[in-house]
Amino acid sequence: MSVLKLKIVDLCVSDEVLPRQSNEQDVIDHYAEVLRRYEMPPLDVFYDGKVRWLADGRFRLKAHRKIGDETVKCEVRKGTKEDAIWFACGANSKHGLALSAKEKRAA
């Protein structure tokens, strides 16, 4: 695992990987304000040799886009899309906005 600064356009943000269905604009706006002053934790990404699958950090990514960032720090792990899915399912149990019942069923 390594922390790298990656181009946002190089990340694959897939609804198949990320269970979050909602678009919490107030959370994204808050994160954007935080990013203007502070650094947030890196996004979690799995790299299978071809695709960089975003596994955690969709709202942080949207906040980076909102403030005009073209790159973002990512904690990159070797792994497949399936690895990213498993990681994503457990990610919000420890931090961030909890998944809704519908999102948990989808996951």
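Read-outs throughout are calculated quantities, based only on the coordinates presented, and are distinct from any laboratory measurement. This structure is a prediction, so every number in the text was calculated from the model and none was measured. Methodologically, a virtual Cβ is constructed for each residue, glycine included, from the backbone with ideal geometry; neighbour enumeration extends over all protein chains shown.
Ordered from longest to shortest, the equivalent ellipsoid semi-axes for the stretch 27-98 are 22, 15, 9 Å, each the square root of 5 times a Cα gyration tensor eigenvalue.
Working note: Debye formula, equal point scatterers on the alpha-carbon atoms of the stretch 1-48, no solvent; log10 I(q)/I(0) at q = 0.25 Å⁻¹ is -1.24. The Lys50 and Asp29 beta-carbon pair, evaluated with R₀ = 41 Å, returns a calculated FRET efficiency of approximately 0.75. Near Tyr47: Cβ cut-off under 13 Å, other residues only, Lys/Arg at +1 and Asp/Glu at -1. The net charge is 0. For Leu6, the shell of other residues with beta-carbons less than 9 Å away shows a net charge of +3, using +1 for Lys and Arg and -1 for Asp and Glu. The modelled label-to-label distance for the pair Met1/Arg36, using points 7 Å beyond Cα in the direction of Cβ, is 3.2 nm.
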